[in-house]
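Colleague: Input: one structure, supplied below.
The values are calculated or read from the model by the stated rules, or taken from the named source; none is laboratory data. Everything numeric here is computed off the predicted structure, so don't read it as measured data. Here Cβ is always computed from backbone atoms with ideal geometry, including for glycine, and neighbour counts include all displayed protein chains.
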Amino acid sequence: MLRKIKIAFLHLLPISGDIQYNQDLIERAVKLAAVKQVDWIVTPELAVSGLQFSRKIGTDWIKQQPEEWMIHFCALVKSINTNVFLGCPEKSADGELYNSVFVINRDGNLIGRQSKIATISDGWCQSGTSIETIDLEGMKVGIMICADAYTDKIASTLLAKGAEMIVAPSSWGPGLHGPNGEWERRSIDTGLPLFVCNRTGEEETVTFWEAESMIIKNGKRLLSHKSEQSAILTFEWNVEKMDLISSDFQVEYIS
């Protein structure tokens with residue numbers, strides 16, 4: 001098992017409903033992160049589509065995965081020798097739609113996925129039906145998507161299934177229903193570190209300009225970042241001690 005890992009959060013500004021733009025942005029960001037020789041790259045929730053895409057372009061475009069672009073993207077991930085957590089909608093074999101995060105390993109293989117459970121406010125998708133950890137290079141990783149942090153159910157289930165850390169791809173900005181200590185409480189409940197990859201920008205009824213990507217342990221924010229443009233946030237993590245090595249995010253903005 002790796003003793004330390006270098007992780008890059010893609011704190012992106014996707015355009016809701018502009019799939020081509022978002023895919024290009026993700027590819028560009030992943031290539032830039034790869035130059036830093038990172039072990040993991042994490043995108044926000046629904047990085048491919050934006051959060052409120054269904055209001056603009058509907059859902060007919062959503063396909064079973066891996067579809068054409070996902071196959072291309074997996075080949076890109078293999079070529080740069082890293083692992084990626086990608087937020088992307090998907091259609092199941094029986095036609096149900098899900099807000100999912102896919103895990104792609106260094107070999108370009110889709111080794112796992114987690115679908116969002118707390119989908120009440122999303123409207124277009126079904127709730128995920130299973131909560132499983134993903135084995136990634138000797139570590140058991142849990143995925144908790146955005147509002148899945150509202151209660152302790154998902155985090156506690158992941159802990160019971162052996163998770164050693166939780167990755168939380170999110171599109172969650174301040175406001176009436178904004179985050180209010182949920183991630184911190186989940187880290188206290190479980191004793192697990194949380195890696196929150198959030199986003200920036202604004203959509204029809206929500207704004208993300210003040211949304212923060214964070215590293216949280218034992219209820220404390222060790223690092224946080226917010227910005228008005230897309231950024232790559234890189235840090236090093238001690239896997240043996242389950243603690244932060246970096247004193248701050250290394251930030252590279254994407255113009």
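Colleague: If only one of Arg199, Arg221, Arg185 is in contact with a Gly (Cβ under 9 Å, 6 or more places away or on another chain) and not in a loop (DSSP other than H, G, I, E, B), which one is it?
Modeller: None of the others qualify; the one that does is Arg185.
Colleague: Between residues in region 126-154 that are on the phi < 0 side of the Ramachandran plot and residues that are in a strand (DSSP E or B) and among the small types (Gly, Ala, Ser), which pairs lie under 6 Å by C-beta distance while being six or more apart or on different chains?
Modeller: That search, which allows pairs on different chains as well, returns Gly128/Ser115; Thr133/Gly142; Ile134/Gly112; Met144/Ala168.
Colleague: While we're looking at this one, here's another question. Step by step: first the residues of region 103-139, then only those that are in contact with a strand residue (DSSP E or B) (Cβ under 8 Å, 6 or more places away or on another chain) and closer than 15 Å to Asp39 by Cα, then the one that is surrounded by the most Cβ atoms within 10 Å (Cβ to Cβ). Which residue is that?
Modeller: Ile104
Colleague: While we're here: Here are the criteria: (1) aliphatic (A, V, I, L, M); (2) in contact (Cβ under 8 Å) with a residue 12 or more places away in the chain; (3) surrounded by fewer than 20 Cβ atoms within 10 Å (Cβ to Cβ). Tell me which single one Ala160 does not satisfy.
Modeller: It is condition (2) that Ala160 fails.
Colleague: Now for a different question. Please go through region 1-37 and give me each residue that is over 16 Å from the mean Cα position of the chain (by Cα), part of a strand (DSSP E or B) and buried (at least 19 other Cβ atoms within 10 Å of the Cβ), ordered by number. Let's see the steps before the verdict.
Modeller: First pass over region 1-37, keeping only residues over 16 Å from the mean Cα position of the chain (by Cα): 1-5, 15-21, 24, 28, 31-32, 34-37.
Next, only the ones that are part of a strand (DSSP E or B) stay: 4-5.
The one that is over 16 Å from the mean Cα position of the chain (by Cα), part of a strand (DSSP E or B) and buried (at least 19 other Cβ atoms within 10 Å of the Cβ): Ile5.
Colleague: Could I ask something else about it? Would you point out which residue out of Glu212, Glu164, Glu184, Glu202 is under 20 Å from Lys4 (Cα atoms) and not hydrophobic (A, V, I, L, M, F, W, C)?
Modeller: Of Glu212, Glu164, Glu184, Glu202, the one residue that is under 20 Å from Lys4 (Cα atoms) and not hydrophobic (A, V, I, L, M, F, W, C) is Glu164.
Colleague: Hey, another quick one. Take the residues in region 38-69 that are β-branched (Val, Ile, Thr), in a loop (DSSP other than H, G, I, E, B) and under 16 Å from the mean Cα position of the chain (by Cα); name whichever of them is surrounded by the most Cβ atoms within 10 Å (Cβ to Cβ). Give the derivation first.
Modeller: Narrowing region 38-69 to residues β-branched (Val, Ile, Thr): 38, 41-43, 48, 57, 59, 62.
In the following step, the residues that additionally are in a loop (DSSP other than H, G, I, E, B) were identified as 38, 43, 48, 59, 62.
Filter once more, keeping what is under 16 Å from the mean Cα position of the chain (by Cα): 38, 43, 48.
Numbers: Val38: 24, Thr43: 28, Val48: 22.
That would be Thr43.
Colleague: Sticking with this structure for a sec: Filter region 224-255 for residues that are surrounded by 16 or more Cβ atoms within 10 Å (Cβ to Cβ), assigned to a strand (DSSP E or B) and of a type in the set (Gly, Ala, Ser) and give the result.
Modeller: Ala231
Colleague: Okay, moving on. Is region 74-87 home to any residue that is modelled with pLDDT of 95 or more, touching a Leu at 6+ places or on another chain (Cβ under 7 Å) and either in a strand (DSSP E or B) or hydroxyl-bearing (Ser, Thr, Tyr) (or both)?
Modeller: Yes, because at least one residue in region 74-87 is modelled with pLDDT of 95 or more, touching a Leu at 6+ places or on another chain (Cβ under 7 Å) and either in a strand (DSSP E or B) or hydroxyl-bearing (Ser, Thr, Tyr) (or both).
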